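One structure below.
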Amino acid sequence: MKRRQKKLTINNELDLSDAVIVKSGRLKSVVWNDFDRVRKGETYIAICRHCKKRLSGSSASGTSHLRNHLIRCRRRSNGSNNGVAQYFVRGKKKELANERRKDEEVLSVVNVRYEHEKEELDDVNVVSTGLDQRRCRFDLARMIILHGYPLSMVEDVGFRMFIGNLQPLFELVAFERVESDCMEIYAKEKHKIFEALDKLPGKISISVDVWSGSDDSDEFLCLTAHYIDETWELKKRVLNFFMVDPSHTGEMLAEVIMTCLMEWDIDRKLFSMASSHSPPFGENVANKIRDRLSQNKFLYCYGQLFDVSCGVNVINQMAQDSLQTCCDTINMIRESIRYVKSSESIQDRFNQWIVETEAESERNLCIDDPTRWDSTCTMLEIALEQKSAFSLMNEHDPDSVLCPSDLEWERLGTIVEFLKVFVEVINAFTKSSCLPANMYFPEVCDVHLRLIEWTKNPDDFISSLAVNMRKKFDDFWEKNYLVLAIATILDPRFKMKLVEYYYPLFYGTSASELIEDISECIKALYDEHSVGSLLASSDQALGWQNHHHRSNGVAHGKEPDDRLIEFDRYINNTTTTPGQDSKSDLEKYLEEPLFPRDSDFDILNWWKVHTPKYPILSMMARNVLAVPMSNVSSSEDAFETCQRRQVSETWCSLRPSTVQALMCAQDWIQSELESS
């Protein structure tokens with residue numbers, strides 16, 4: 001054994017200035033990840049990359065002596081042999097060797113030097129330690145983006161100690177490096193989104209949401225695209241997230257948004273835009289964008305369906321108005337509950353009064369979170385169940401907080417009924433992060449009917465509150481009723497019937513005229529889609545003709561085919577091919593029986609299946625059903641008394657371009673994980 005060991009050791013003084021590195025596909029053992037095999041004349045030498053010890057590299061010598069050296073090599077193991085033992089797990093051998101053969105470029109001579117190509121993010125870049133540094137760096141950056149961690153965490157002492165102990169071979173990065181990696185991830189993911197939007201078969205709707213900074217002094221606008229892709233899946237993706245300049249006027253802000261849309265090349269593809277119209281994004285901004293797009297004839301129905309507003313926002317406003325009208329009574333109840341919970345003896349006495357008044361409840365008294373009005377609704381609902389016990393406490397306990405009067409309890413009960421309706425509606429609006437537009441009409445109509453009923457309450461306090469709420473609702477209804485109605489008509493379970501049911505309840509004898517207006521609008525929308533389908537199908541032919549005219553010296557401008565576009569519309573609307581059914585997709589769809597109502601009904605799948613039967617109408621359904629009637633993605637955000645979401649303090653302090661990259665990339669990575 002001693003003779004063999006001596007034979008396998010090479011003289012360290014041997015001159016290797018003219019040695020060359022040997023690259024061979026036959027080097028399959030994983031030990032070659034830690035040795036360089038060089039040739040000096042007819043002699044093959046294996047040089048440890050860690051301690052530079054020279055051993056025999058001849059194929060006749062095998063690799064056992066190399067493996068034994070790695071176990072003893074102090075620089076390689078850093079005092080621990082466990083890592084080396086695990087390094088040679090049989091299942092890893094082939095994988096690591098294949099990665100090395102596939103991706104490592106070895107081209108150096110003299111002093112055993114290497115030169116690596118710069119590889120792409122998804123390629124394996126195995127360095128001399130066998131650890132893919134680039135892959136690890138980008139995994140770290142993705143983790144920071146996904147979970148919203150501060151970029152500066154890479155410089156925290158605790159984090160660096162943790163990584164050093166977990167994987168000493170990983171080269172720790174600084175703030176600037178991880179910021180650059182995040183920007184590179186953003187650029188790659190943005191390219192994917194750009195290609196996806198470019199290939200969409202239908203239109204795109206956008207929503208505009210206002211965010212605030214950590215100290216509320218900064219304001220950001222978030223632009224999100226909503227669309228139904230080629231597989232009939234409803235998706236939304238954040239496109240831009242930029243800081244708003246306080247000096248910008250509405251016209252300047254509209255121009256900034258238009259620039260964003262043109263950079264994504266979707267200004268010609270827009271169908272609608274949803275916003276809360278809260279400052280700085282006012283109604284004036286939406287109007288300017290609509291006028292700009294209408295001038296270029298990019299919008300359907302002269303832009304009537306373009307400007308929509310958030311349904312959750314109007315419900316939130318009405319709920320908070322309701323609570324504000326009786327804030328003194330609510331504070332009284334809140335303090336009474338605090339008093340009951342202040343000691344066990346008071347709680348025990350209150351429980352006795354509950355038994356005496358038969359006011360038992362399955363739920364215990366709780367204090368609300370003032371920042372979430374749904375929790376205030378729950379607090380009041382439980383207190384109302386035990387109001388008789390509160391009255392007894394007020395009579396027998398001189399230290400108790402003043403209790404509401406019978407009239408205040410009664411009014412509070414009515415307002416809680418309002419709030420319960422609003423909670424149910426918002427839960428329906430936010431049960432999924434992406435809801436097709438047909439889901440909103442029944443819920444909105446129910447609120448409409450209840451507001452009409454509440455305005456007739458004999459108590460002037462309640463009726464005046466209902467009148468104020470209805471004013472806010474009517475503003476929302478006036479802006480959105482067409483989109484809401486058309487979306488529900490495109491639901492095969494309802495078609496025109498749901499509109500014909502609700503409108504007489506809203507408008508009485510004048511309902512028929514309004515229903516006719518909706519019918520005319522959906523026909524006009526269908527006709528525009530029909531013309532668009534006709535023109536799209538002839539694009540290739542027209543493109544060839546235009547090229548032919550240009551090649552024959554026809555001047556740019558309004559060519560003969562361009563002048564006849566209106567004639568094409570006329571032919572499409574008046575001509576029927578012999579033997580062809582004269583009825584349109586829309587007419588055939590409306591005449592067929594309603595589809596059975598089922599809680600598991602999937603409207604997008606229905607239209608996917610029926611696209612061959614209704615090719616033009618399905619195109620229209622794809623565009624209408626993607627309209628976002630809510631820019632709130634979860635109930636957690638929907639019930640906040642402060643509607644604006646906030647950018648974290650650690651991200652808000654970064655450069656605006658970095659903030660946009662992080663916010664957009666976070667949305668894209670999360671969406672990709674959810675879909676997979």
Practice item. Kindly indicate which of Thr249, Thr224, Thr325 is of a type outside the set (Phe, Trp, Tyr) and closer than 23 Å to Trp668 by Cβ. Key: Thr224
Review point. Of the residues that make up the stretch 434-447, is at least one open to solvent by 10 Å² or more (accessible area, probe 1.4 Å), touching a strand residue (DSSP E or B) at 6+ places or on another chain (Cβ under 9 Å), in a loop (DSSP other than H, G, I, E, B) and aliphatic (A, V, I, L, M)?
Key: yes
Practice item. Kindly list the number of the only condition in (1) more than 23 Å from Val483 (Cα to Cα); (2) crowded, with 17+ Cβ neighbours inside 10 Å that fails for Leu200. Key: (1)
Check your understanding: Ser247 fails exactly one of the following numbered conditions: (1) open to solvent by less than 20 Å² (accessible area, probe 1.4 Å); (2) modelled with pLDDT under 90; (3) in a loop (DSSP other than H, G, I, E, B). What is the number of that condition?
Key -> (1)
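Touching a Lys or Arg at 6+ places or on another chain (Cβ under 7 Å), open to solvent by 10 Å² or more (accessible area, probe 1.4 Å) and in a helix (DSSP H, G or I): is that true of Phe506 in this structure?
Working: touching a Lys or Arg at 6+ places or on another chain (Cβ under 7 Å): no; open to solvent by 10 Å² or more (accessible area, probe 1.4 Å): yes; in a helix (DSSP H, G or I): yes.
In short, no.
The rows are residues; the columns are (1) surrounded by fewer than 18 Cβ atoms within 10 Å (Cβ to Cβ); (2) in a loop (DSSP other than H, G, I, E, B); (3) within 22 Å of the chain's Cα centre (by Cα).
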{"position": "Leu590", "(1), (2), (3)": "yes, no, no"}
{"position": "Arg597", "(1), (2), (3)": "yes, yes, no"}
{"position": "Ser630", "(1), (2), (3)": "no, yes, yes"}
{"position": "Glu636", "(1), (2), (3)": "yes, no, yes"}
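Do you know which residues across the stretch 300-314 are assigned to a loop (DSSP other than H, G, I, E, B) and either of a type in the set (Val, Ile, Thr) or surrounded by 21 or more Cβ atoms within 10 Å (Cβ to Cβ) (or both)?
Step one: of the stretch 300-314, the residues assigned to a loop (DSSP other than H, G, I, E, B) are 304-306, 310.
Listed by number, the residues that qualify are Leu305, Phe306, Cys310.
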Check your understanding: Is it the case that the stretch 160-183 has a residue that's closer than 30 Å to Lys608 by Cα, at pLDDT 95 or above and charged (D, E, K, R)?
Key -> no
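Quick one: how many residues across the stretch 636-650 are at pLDDT below 80 and within 18 Å of Asp667 (Cα to Cα)?
Residues of the stretch 636-650 at pLDDT below 80: 636-638, 641-644.
So of that shortlist, the ones also within 18 Å of Asp667 (Cα to Cα) come out as 636-637, 644.
Selection size over the stretch 636-650: 3.
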Practice item. Kindly list the number of the only condition in (1) under 19 Å from Asn240 (Cβ atoms); (2) modelled with pLDDT of 95 or more; (3) in a helix (DSSP H, G or I) that fails for Ala626. Key: (3)
Study note, to complete from the structure: When (1) loosely packed, with under 15 Cβ neighbours inside 10 Å; (2) more than 33 Å from the chain's Cα centre (by Cα); (3) polar (S, T, N, Q) are applied to Asn427, the one that fails is (2)
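For the stretch 139-176, what are the residues that are assigned to a loop (DSSP other than H, G, I, E, B) and either touching a residue at least 40 places away in the same chain (Cβ under 8 Å) or open to solvent by 50 Å² or more (accessible area, probe 1.4 Å) (or both)? Give the steps one after another, and end with the answer.
Initial filter on the stretch 139-176 (assigned to a loop (DSSP other than H, G, I, E, B)): 148-150, 156, 167-174.
Result: Gly148, Tyr149, Pro150, Asp156, Gln167, Pro168, Leu169, Glu171, Leu172.
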Review point. If you go through the stretch 177-187 one residue at a time, how many are open to solvent by less than 30 Å² (accessible area, probe 1.4 Å) and over 30 Å from Asp36 (Cβ atoms)?
Key: 5
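Going by what's in this entry, would Thr325 be described as closer than 18 Å to Val416 by Cα and under 39 Å from the mean Cα position of the chain (by Cα)?
Yes; evaluated as a whole, the condition is true for this residue.
The values are calculated or read from the model by the stated rules, or taken from the named source; none is laboratory data. These numbers come from a predicted model, not from an experiment. All Cβ positions, even for glycine, are placed from backbone atoms using ideal geometry, and neighbour counts span all protein chains on display. Protein only, heavy atoms only, side chains kept; ligands, DNA and RNA dropped before computing areas. Shrake-Rupley method; radii C 1.70, N 1.55, O 1.52, S 1.80 Å.
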